[in-house]
Amino acid sequence: MLTIRPITAADRGIVLPMVLDFYRGPAVNHPVDTAVLERSFEAAASSREPCLDGWLLLEESQPIGYFYVSNSYSPEAGGRQALIEELYFLPDCRGKGYGTQAFQFVMEHYAGAARLRLEVAETNPDAARLYRRIGFDYLPYRQMILDRPSP
């Protein structure tokens, strides 16, 4: 059975190795500085950052994954948007239906969101199949970014 609870600062030693593995895997196509990933963990584990939620995934009380959700307003959707930023499961916990359960949680917990959104790399077809099966569809956009140094 999958259990989901908020990430806390005490989970740092559990979650950060999974975050680093996520960023080395097929879900991410570009390097991200470890200091940025650590800062993001701190934001996800803190109630002081209202735009990012961090969730720990547990199987029989053992940590098996995590996910981050950022919250914003989407003028295009006409309401709040929940962006599933990262979803990670330990390799031996994949293919057990936990991804579907995690998305059921997201759909219930963020029921007030007019849109759920996520990104998927072309190098991660297994994730894309899960997302399509759940009901996600592609937008015909190419994403552009401009990273700026943190204050």
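Summing charges over all other residues whose Cβ lies under 15 Å from the Cβ of R115, with Lys and Arg as +1 and Asp and Glu as -1, gives -2.
Net charge dipole, region 1-113: roughly 60 debye, given to the nearest 20, about the Cα centre with Cβ charges of +1 for Lys and Arg and -1 for Asp and Glu. Expressed as a whole percentage, what fraction of the accessible surface of the chain belongs to carbon and sulfur atoms when a 1.4 Å probe is rolled over the protein heavy atoms? The value for the chain is 53 percent carbon and sulfur by accessible area.
Each Cα pair under 8 Å and six or more residues apart adds its sequence gap; the mean of these over the residue count of region 22-151 is a relative contact order of 19 percent. What's the long-distance tail for region 7-85, i.e. % of Cα pairs beyond 15 Å? I get 60 percent for the Cα pairs in region 7-85 exceeding 15 Å. If R0 is taken as 22 Å, the Cβ-Cβ distance between A9 and L37 corresponds to a FRET efficiency of 0.90.
Per residue, region 53-151 exposes 65 Å² of solvent-accessible protein surface, assessed with a 1.4 angstrom probe and all protein chains in place.
The coefficient of translational diffusion for the chain, derived via Stokes-Einstein from the alpha carbon Kirkwood radius under 20 °C and 1.002 mPa s, stands at 132 µm²/s. What separates the Cα centres of region 103-138 and region 74-88 is a distance of 10 Å. Of E49, E60, the residue with the largest accessible area leads and the full order is E60, E49 (1.4 Å probe). With 0.36 nm allotted per residue and the present C-alpha distance subtracted, the S150-F136 stretch has 1.9 nm of extension available.
Label-to-label distance for L90 and N29 is 3.1 nm, based on points extended 7 Å past Cα in the beta-carbon direction.
The values are calculated or read from the model by the stated rules, or taken from the named source; none is laboratory data. Treat the numbers as computed from the prediction; the structure is a model and nothing was measured. Don't worry about glycine lacking a Cβ; one is built from the backbone with ideal geometry, like all the others, and counts go over all protein chains shown. Heads up: the accessible areas ignore ligands, DNA and RNA and are worked out on the full protein's heavy atoms, side chains in. Shrake-Rupley method; radii C 1.70, N 1.55, O 1.52, S 1.80 Å.
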